[in-house]
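Report on the following structure.
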Amino acid sequence: MNAPLLSRRSLLLQGGALVVGFSLSGRGAAAQTFAPVATNGFAKPVAPDQVDSFLALGADGRATIFSGKVDLGTGVETALTQIAAEELDLPLDRVTVVQGDTALTPDQGPTYGSLSIQKGGVEIRQAAATARARLVQLASARLGVPADALVSENGTVRPKAGGQGLTYADLVKDGRLDLKVDPAVKTKDPAQFALVGKPVARIDIPEKMTGRFTYMQDYRVPGMVHARVVRPPTIGADLQGVDEASVADIPGLIKVVRQGNFLAVVTEKEWAAIKAARQLKATWSKWEGLPEQDKLWQHVRATKVTKDDVTSSTGDAEAALGQAARKLEATYDFAIHTHGSIGPSCAIAELKDGLLTCWTASQMTHALRKQLAAMTGLAPEAVRCIYVEGSGCYGRNGHEDAAGDAALLARATGRPVRVQWSRADEHGWDPKGPPTLIDLKAGLDPQGNVIAWSSQFHIPEGAAGNVPLVAASLADLPHETTMAPGNIIGNSALPYAFPNVHTVCHRLASTPFRPSWIRTPGRMQNTYANEAFLDECAAAAGADPLEYRLRALKDPRGIEVLKRVADLAKWQARPSPVKDVAGDVLRGRGISYVKYELNRTYVAGVAEVEVNRNTGQVRVPRFFVVQDCGQIINPDGVRNQLDGNVIQTVSRVLLEEVTFDRGAVTSLDWSSYPILTFPDVPEVVIDLIDRPSEKPWGAGEPSAAIVPAAVSNAIFDATGVRVRSVPFTPAKVKAALQGA
């Protein structure tokens, strides 16, 4: 759809109060000027220790919340609204959230790791609670009533005994709150919650359902022109020549931009840019630097190890393995995945008067700001990134790269430039979830208990930082050079109390494609191997998989989620696999558990599967999940998250795998990179454990971690055959069945 041009948005001085004023068409994002944003003549603060960085109270009785964390379609905006409204004692409809605008919002870190509520929401809660405490103090002084005799409600502070109160606007009309966030502030007693913990319909859904929502892909700014990047035919090819005359007949052609190996066309209209990109003749060198796909795991094993991260070491695992009554060994692997965002990445950039403004669906606008500043040579203060929700994310996909493209082209043309990636761009050039290879050994005593566990994870080296932007790399502009695939060593250690354990992550010097975060990075792959191999131990011991976990688990909250998912799924205790199977379609169930990063959010799941023994096709008709993420802000939103995690991860586990030749990705469309379709979407049955008096933990990623092992274990339960290589495609499953 094409959204109408929206009016510019700025902060306005209204009524002498601390106010944020907006002119919006619906809830769609509005274009913003780069003019210095001010309130009461002061620059809008963004320091993370200032209350005014997080909120503003207007003369109209409304509050505006400024969040460095952004809603990637996961319901975070609604939950943050609930948190702020609860602490400010305001109705939900009087709270607005501004997200990810580097000129307006504090830097709360990238939106990843299930930290939007656990970190970002808690910071907003503290700021709002600090503000409410100050408002009560101000009212106490104005009314001559002790603070403990006052109550705040509906945007007003009044005496508990009754009588005239003062509105928030009355109390702050002489200036800003101008105080620091009190990290020890007393937040509202959970017993008094009116909004937090209650199901609230997501505020973004109505406009999305009716086609009125303005996604980044629909966004427009005045004077905007369009561009397409002409990608090298192989990842490492060098641009040797360009025939600009080959596109001279394209109407509205503005410029062919070439810088190093970066090549693009800029036109007045979008269709002209598409045609020009297809028509432009360019000569590229040959490059074949990728490994052969059918030798990927040999390549991974042969890659140089830069360091070993020992993630747990208890007792003497090697000695205990040598003394075990029974020893098991297995290798698991997890394929390279692309993000596969339904809407390919898009961004707009404008360079005007030495100031760069970028409209982007980036999940890390403050980090992107630094990257754009580095590649353009501008000071970070001269770059403003404004978040506009994109259609699809769940990890660091191509949105930041599209922003880099747009910034380079805005500088080259002096015009606001919109860059829209194609499907082939998205699948071919977004950063990938790296390949993961895991070797495991376990030793059992005569009763079948695990007395030794040893595991080795082969994963890329990584550090906190940014993924290099494609545009900066191709144009040989300043850019990051280290890999940043995320905290992918998480959950390599075990949550179980085994006496002798040694887990080590071999950090590899390189990986075939740019690695990046993709839903539950590392924690999914590591949990998959651990939980599937633990199932192998249970089968070797002739034990029920649930009982086998419970006997080795000492954490009461972990025990509770496992028992509750067993009740939810009507688990029948028995060893796997099913005995005396018959028929063409075999059915089984598998269980899996995670304590996320071993320090938060407990999840247990049971997958039900159907395996066609003739074709090898696997279906997951139902998936049961129980989650304990501490205090729940919006149970409806958490259920949305669990639904999305299970559905997307079932797709990844059964179908998804990046294919490539020696030069480039070959899975460039939905035919070559299939995803789950509606007929195969599982029913997701959910039970949530709410702990209102506890801190809120992340709800976004953890439930995805349990899906691969639960499905793998269910396939074994149905067939007696163990599949250890994601994805579990029909060809792999059929070959395993025939081999058995």
Checklist entry - Within the range 142-156, is there a residue that is open to solvent by less than 40 Å² (accessible area, probe 1.4 Å), touching a residue at least 12 places away in the same chain (Cβ under 8 Å), touching a helix residue (DSSP H, G or I) at 6+ places or on another chain (Cβ under 9 Å) and part of a loop (DSSP other than H, G, I, E, B)? => result yes
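Could you please let me know if Gln617 is polar (S, T, N, Q) and open to solvent by 10 Å² or more (accessible area, probe 1.4 Å)?
Here the answer is yes, as Gln617 does meet what is asked.
If only one of Ala103, Ala169, Ala161 is of a type in the set (Gly, Ala, Ser) and either touching an Asp or Glu at 6+ places or on another chain (Cβ under 8 Å) or in a helix (DSSP H, G or I) (or both), which one is it? Talk me through it step by step, then tell me what you get.
Working: Ala103 fails: either touching an Asp or Glu at 6+ places or on another chain (Cβ under 8 Å) or in a helix (DSSP H, G or I) (or both); Ala161 fails: either touching an Asp or Glu at 6+ places or on another chain (Cβ under 8 Å) or in a helix (DSSP H, G or I) (or both).
Among Ala103, Ala169, Ala161, only Ala169 is of a type in the set (Gly, Ala, Ser) and either touching an Asp or Glu at 6+ places or on another chain (Cβ under 8 Å) or in a helix (DSSP H, G or I) (or both).
Would you check which residues across the range 669-726 are assigned to a helix (DSSP H, G or I) and exposed (fewer than 15 other Cβ atoms within 10 Å of the Cβ) and list them? Explain how you work it out, then say what you get.
First, pick out the residues of the range 669-726 that are assigned to a helix (DSSP H, G or I): 678-680, 702-705, 707-719.
The answer is Phe678, Pro679.
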Checklist outcome for this item: Of the conditions (1) over 22 Å from Arg519 (Cβ atoms); (2) in contact with a helix residue (DSSP H, G or I) (Cβ under 6 Å, 6 or more places away or on another chain), the single one that Thr481 does not satisfy is (2)
Item to check | Count of the range 366-415 residues which are open to solvent by 10 Å² or more (accessible area, probe 1.4 Å) and more than 18 Å from Gly100 (Cβ to Cβ) | outcome: 11
Checklist entry - Taking into account only those residues within the range 69-101 that are more than 24 Å from Ser391 (Cα to Cα) and without any contact (Cβ under 8 Å) to a residue 40 or more places away in the chain, which is most open to solvent (accessible area, probe 1.4 Å)? => result Asp93
Item to check | Unique residue being basic (Lys, Arg), more than 30 Å from Lys44 (Cβ to Cβ) and outside any strand (DSSP E or B) when the list is Lys275, Lys307, Lys327, Lys370 | outcome: Lys275
Next on the checklist: Filter the range 674-698 down to the residues that are of a type in the set (Gly, Ala, Ser) and touching a Lys or Arg at 6+ places or on another chain (Cβ under 7 Å) and list them by number.
Outcome noted: Gly698
Checklist entry - So which residues in the range 617-638 are in a helix (DSSP H, G or I) and closer than 21 Å to Tyr112 by Cβ, if there are any at all? => result Gly637, Val638
Checklist entry - Do we find a residue being outside any loop (DSSP other than H, G, I, E, B) and open to solvent by less than 50 Å² (accessible area, probe 1.4 Å) anywhere in the range 578-587? => result yes
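The values are calculated or read from the model by the stated rules, or taken from the named source; none is laboratory data. Note that the coordinates shown come from a computational prediction; the quantities given were computed from them, not determined experimentally. As a convention, Cβ positions derive from the backbone with ideal geometry for all residues, glycine included, and neighbour counts pool all protein chains shown. We work out accessible area using only protein heavy atoms, side chains counted, and drop any ligands, DNA or RNA first. Shrake-Rupley method; radii C 1.70, N 1.55, O 1.52, S 1.80 Å.
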